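Have a look at the structure below, then the notes.
The values are calculated or read from the model by the stated rules, or taken from the named source; none is laboratory data. Because the structure is predicted, anything quoted here is derived from the model rather than measured. Because the Cβ atoms are built from the backbone with ideal geometry, glycine has one as well, and the counts that use them run over all protein chains shown. Accessible surface is based on the protein model in full, side chains and every heavy atom, while ligands, DNA and RNA are left aside. Shrake-Rupley method; radii C 1.70, N 1.55, O 1.52, S 1.80 Å.
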Amino acid sequence: MGEKVLMKGNEAIGEAAIRSGCRHFFGYPITPQTELSAYMAKKMPKINGVFLQAESEVSAINMVYGAAAAGMRAMTSSSSPGISLKAEGISYLAAGDLPCVIVNIVRGGPGLGGIQPAQSDYFQAVKGGGHGDYHLIVLAPNSVQELAHLTAEAFNISDEYRIPTMILGDGTLGQMMEPVDLDAIPEPIYADKPWAAKGTDNKRKKNVVETLYLEASELEKKVLEREEKYNVVKENLQRYEAHDIDDADIIISSYGITSRVVETAVKSLREEGIKVGVIRPITLWPFPEKIFKTVKPKAFLSVEMSTGQMIEDIKLACECSVPVYFCGRTGGIIPTPDEVAEKVKSIMKEVQ
């Protein structure tokens, strides 16, 4: 273990990005992720990096497109309504097969909503958000240490598969402070980028990164090629944390900061003799469906800071073999361990 540094979640993302070779950050301020932009504004000039506060979120995501197309490790961050403004550019990045990292520190919505933490951008993140047939790889940390770790992983994964990768956090994770072992952050793994549009030096044919295909058959071919790549990612990149699932009558699934609330509830329920287990998805896309197919509880419970957006993925993963219940709060309110425990007890009465 290395020396630990007390850091805010947003700052830990920035430090991990820098240590991962990110030298191009394009952003626009919005609560509750502004500290990340501020951190990069302070740090990037000292390492010959580029920090640019764009005139809008639309400009920022298109600057990421330019830097990524040139083969650079590029990053942007925002929160909920800001990500909505970036949606068209994210679709273009996916169409160009361009690796980059996009951070969404989620706040309540829809619309401007509020500045309190939420998880109501789940659909937007894992179902696309923009237009066309595409996916982002979506990683969901649940601590400041994991924010740093998964940011570094995001750059490596995005380079490997040439798929834009999103860190889906929330306002609590972005604002909270915890000790971070910076030495534990994964080392950067740089991929060759022979496709990059960064000048030919008169030694090769020029590269062009394009997303427009006027021939329908040509566009279909590109979309299906990308779908094949997504299937490879689905097979290889399902990540989760699970415990107490072998004997569980009820398995609770949650991600991000809500999963820590669940851990407190599960501990108290187990002490009362109630057999409860946990599956915490770390990749939201690809969703870790394999583990859901191997367990046989009487019911699943999804705990979220939304109206239950992850429920349908749990149902698909378990093939509707058992009921899937929901416990959560929305509007920026975090569910409590007592609320989760009471929901489990009420479910037990139904499934006994």
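Has the stretch 154-167 got any residue that is part of a strand (DSSP E or B) and either over 23 Å from residue 222 (Cα atoms) or of a type in the set (D, E, K, R) (or both)? Yes, because at least one residue in the stretch 154-167 is part of a strand (DSSP E or B) and either over 23 Å from residue 222 (Cα atoms) or of a type in the set (D, E, K, R) (or both). Filtering the stretch 136-157 to residues that are closer than 19 Å to residue 262 by Cβ and not hydrophobic (A, V, I, L, M, F, W, C) leaves 141, 142, 143, 145, 146.
Summed over the stretch 325-347, residues that are open to solvent by 50 Å² or more (accessible area, probe 1.4 Å), part of a loop (DSSP other than H, G, I, E, B) and either more than 15 Å from residue 305 (Cα to Cα) or touching a Lys or Arg at 6+ places or on another chain (Cβ under 9 Å) (or both) total 1. For the structure I just gave you, tell me whether residue 4 is open to solvent by 10 Å² or more (accessible area, probe 1.4 Å), more than 20 Å from the chain's Cα centre (by Cα) and at pLDDT 95 or above. For residue 4, the condition - open to solvent by 10 Å² or more (accessible area, probe 1.4 Å), more than 20 Å from the chain's Cα centre (by Cα) and at pLDDT 95 or above - is not met. Candidates in the stretch 193-216 are the residues that are at pLDDT below 95 and charged (D, E, K, R); of these, the one that is surrounded by the most Cβ atoms within 10 Å (Cβ to Cβ) is 198.
What tally of residues in the stretch 65-99 results from selecting those that are within 20 Å of residue 18 (Cα to Cα) and touching a helix residue (DSSP H, G or I) at 6+ places or on another chain (Cβ under 7 Å)? Spell out the reasoning first.
From the stretch 65-99, those within 20 Å of residue 18 (Cα to Cα) are 65-78, 98-99; that's our starting set.
This time we only want the ones that are touching a helix residue (DSSP H, G or I) at 6+ places or on another chain (Cβ under 7 Å), so: 65, 68, 73-78, 98-99.
Adding up the residues that qualify gives 10.
Of all residues in the stretch 36-56 being part of a helix (DSSP H, G or I) and in contact with a strand residue (DSSP E or B) (Cβ under 6 Å, 6 or more places away or on another chain), which is surrounded by the fewest Cβ atoms within 10 Å (Cβ to Cβ)? Break it down into steps so the answer makes sense when it comes.
Here is the first cut: in the stretch 36-56, the ones part of a helix (DSSP H, G or I) are 36-47.
From what's left, in contact with a strand residue (DSSP E or B) (Cβ under 6 Å, 6 or more places away or on another chain): 36-37, 40-41, 44.
Working: 36: 29, 37: 24, 40: 29, 41: 16, 44: 20.
It comes out as 41.
Given the residues 129, 199, which is the only one that is over 24 Å from the mean Cα position of the chain (by Cα), outside any helix (DSSP H, G or I) and either closer than 22 Å to residue 313 by Cβ or not charged (D, E, K, R) (or both)? Let's see the steps before the verdict.
Values: 129 fails: over 24 Å from the mean Cα position of the chain (by Cα).
Only one candidate passes the filter, namely 199.
Mind listing whichever residues of the stretch 35-74 are hydrophobic (A, V, I, L, M, F, W, C) and closer than 20 Å to residue 211 by Cα? Hits for the stretch 35-74 are 58, 60, 61, 63, 64, 67, 68, 69, 70, 72, 74.
Residues of the stretch 19-35 that are over 23 Å from residue 130 (Cβ atoms) and not in a loop (DSSP other than H, G, I, E, B): 19, 34, 35. Take the conditions (1) touching a helix residue (DSSP H, G or I) at 6+ places or on another chain (Cβ under 8 Å); (2) β-branched (Val, Ile, Thr); (3) under 27 Å from residue 99 (Cβ atoms); residue 250 misses just one of them, which is (3). Scanning the stretch 286-320 for residues that are touching a helix residue (DSSP H, G or I) at 6+ places or on another chain (Cβ under 9 Å), open to solvent by 30 Å² or more (accessible area, probe 1.4 Å) and assigned to a loop (DSSP other than H, G, I, E, B) yields 298, 319. Taking residues in the stretch 143-171 that are in contact (Cβ under 8 Å) with a residue 60 or more places away in the chain and at positive phi, and partners anywhere that are surrounded by fewer than 24 Cβ atoms within 10 Å (Cβ to Cβ) and among the basic types (Lys, Arg), the pairs with Cβ atoms closer than 8 Å and at least 6 places apart or on different chains are 162/229. For the criterion of being modelled with pLDDT of 95 or more, in a loop (DSSP other than H, G, I, E, B) and open to solvent by 50 Å² or more (accessible area, probe 1.4 Å), residue 224 fails. Scanning the stretch 111-170 for residues that are open to solvent by 10 Å² or more (accessible area, probe 1.4 Å) and hydroxyl-bearing (Ser, Thr, Tyr), we see that the one that is nearest to residue 15 (Cα to Cα) is 143. Return yes or no: is residue 350 modelled with pLDDT under 95, out of contact with any helix residue (DSSP H, G or I) (no Cβ under 8 Å at 6 or more places or on another chain) and not in a loop (DSSP other than H, G, I, E, B)? So residue 350 passes the test.
Any idea which of 162, 107 is modelled with pLDDT of 95 or more and touching an Asp or Glu at 6+ places or on another chain (Cβ under 6 Å)? Reasoning before the result, please.
Numbers: 107 fails: touching an Asp or Glu at 6+ places or on another chain (Cβ under 6 Å).
The unique qualifying residue is 162.
Do we find a residue being without any contact (Cβ under 8 Å) to a residue 40 or more places away in the chain, under 14 Å from residue 253 (Cβ atoms) and in contact with a strand residue (DSSP E or B) (Cβ under 9 Å, 6 or more places away or on another chain) anywhere in the stretch 330-347? No; the residues of the stretch 330-347 include none that is without any contact (Cβ under 8 Å) to a residue 40 or more places away in the chain, under 14 Å from residue 253 (Cβ atoms) and in contact with a strand residue (DSSP E or B) (Cβ under 9 Å, 6 or more places away or on another chain).
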